[in-house]
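The values are calculated or read from the model by the stated rules, or taken from the named source; none is laboratory data. Not measured: the values here are computed from a predicted model. Quick reminder, even Gly has a Cβ in these numbers, built from the backbone with ideal geometry, and neighbours come from all protein chains shown. With ligands, DNA and RNA removed, areas are computed over all heavy atoms of the protein, side chains included. Shrake-Rupley method; radii C 1.70, N 1.55, O 1.52, S 1.80 Å.
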Amino acid sequence: MFYVVVVLFFIFFMFLTLIFYKYLYKVCEKLNININKNILCVISIIIFYGSLVVGMMNKYVSVVLVFILYTILLFLVVMLFYKFLMKYKWFHKYYLLIPVILSFLFTCYGVYNMYNIDGKSYNISTNNKLNNEYKGILISDLHYGLGVKGKGLFNIVDEINKLNPDFVFLVGDIVDENTTLEEMKECFKILGNFKTNYGIFYSYGNHDENIYSNSKNYNKNILRDNILLNGINILEDSSYRINDELTIIGRSNGYKKSIEELVNDTNNDDYKILLAHIPIDYKSAKDNNIDLMLSGHTHAGQVFPVKIFEETFNTSEMIYGYESDGNFQKVVTSGIAGWGMPVRTDYHSEYVILNIK
């Protein structure tokens, strides 16, 4: 399946390159610019793939890449309706500007949406398994250094503290391979300011440990020390019990232990919350009496239309939101920021409020 997805993406980008070439050709034609088609083709490839490659390495160039991609897609849409709209003089005159204007507005919205963080609430039923009510906060995919950081993150922490949470769950990818050592230290120092009744709990995601970088800004031991230094509990294939009725279980990066192994050392009657960055293994979670599973990872697509690809190819068992399956409930957050580019044109950035009662 992985190779099929790679081939499909390659075909998709080749198709976009062709559309981009046609768009530039139309622009040159409109402006009465004479240029050799072969030269224009080379220019199209350089601009498109150049912005693609550089955009993957530079978050600011990545915004330009998003703008180009949406211009191409919107030009395709315009051309699909070209024959129907040509009867309007304004369309004939400005149809090449329409994709640029709409793409610019859509990209600006995406940048705004990345930094505009909402609090999303879910009411979680416990089927009378708990004697107490709890309020939890779910945060995932901060990828510190890309979106909100510094004072902005501190303001979010202060905003959440006013909710008087019982616990905060940090469910992976809080930092990544682009986070510097100084930023990593700053990040966990700020997150350590959460005021909770029972603690802050952290489970690793696939990016936290810098596994995708050859030149690591810090290693796992330094990361772990800084997390613990700021009073944050790490749950790495381990659990933490509260009030003799609730157990929080955290999976390790790579899911080294099965869910069945993880619940072996827990009380059968406890309400069990599983922190698992990647939303998979739901059947196993349900079969092993997990009551609530919390995940992130998907970013709910982040940049439209990625979510459509995620859903089509089942990259995860759930992409976003809340679902219940009998007594088993699951939540996947879109994340408090994003990865790679400071643009979010799909679902909003969020932290999740869990009213467990």
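General remarks:
- Residue within segment 307-322 that is out of contact with any helix residue (DSSP H, G or I) (no Cβ under 9 Å at 6 or more places or on another chain), in contact (Cβ under 8 Å) with a residue 40 or more places away in the chain and more than 28 Å from Val111 (Cα to Cα) present: no
- Annotation note: Cβ proximity below 9 Å between a residue of segment 104-124 that is more than 15 Å from Gly338 (Cα to Cα) and modelled with pLDDT of 95 or more and a residue that is surrounded by fewer than 17 Cβ atoms within 10 Å (Cβ to Cβ) and among the aliphatic types (A, V, I, L, M) (sequence gap 6+ or interchain) occurs for Gly119/Leu163.
- Test: Asn131 is exposed (fewer than 14 other Cβ atoms within 10 Å of the Cβ) and either touching a residue at least 12 places away in the same chain (Cβ under 8 Å) or not in a helix (DSSP H, G or I) (or both): yes
- Elements of type strands (runs of 3 or more DSSP E) in segment 199-307, at least 2 residues being crowded, with 24+ Cβ neighbours inside 10 Å: 199-203, 246-250, 271-275, 292-295
- Out of Leu74, Leu8, one residue alone is at pLDDT 85 or above, aliphatic (A, V, I, L, M) and under 17 Å from Val306 (Cα atoms). It is Leu74.
- Enumeration of residues in segment 319-333 that are touching a Ser or Thr at 6+ places or on another chain (Cβ under 7 Å) and either in a loop (DSSP other than H, G, I, E, B) or open to solvent by 10 Å² or more (accessible area, probe 1.4 Å) (or both): Ile319, Tyr320, Thr333
- Exactly one residue out of Tyr49, Tyr25, Tyr3 is farther than 26 Å from Arg344 by Cα, modelled with pLDDT under 80 and either part of a helix (DSSP H, G or I) or open to solvent by less than 90 Å² (accessible area, probe 1.4 Å) (or both), and it is Tyr3.
- Subset of segment 346-357 [in contact (Cβ under 8 Å) with a residue 60 or more places away in the chain and either closer than 22 Å to Ala276 by Cβ or open to solvent by less than 10 Å² (accessible area, probe 1.4 Å) (or both)]: Ser349, Glu350, Tyr351, Val352, Ile353, Leu354, Asn355, Ile356
- Residue within segment 180-198 that is under 22 Å from Ser239 (Cβ atoms), in a strand (DSSP E or B) and among the polar types (S, T, N, Q) present: no
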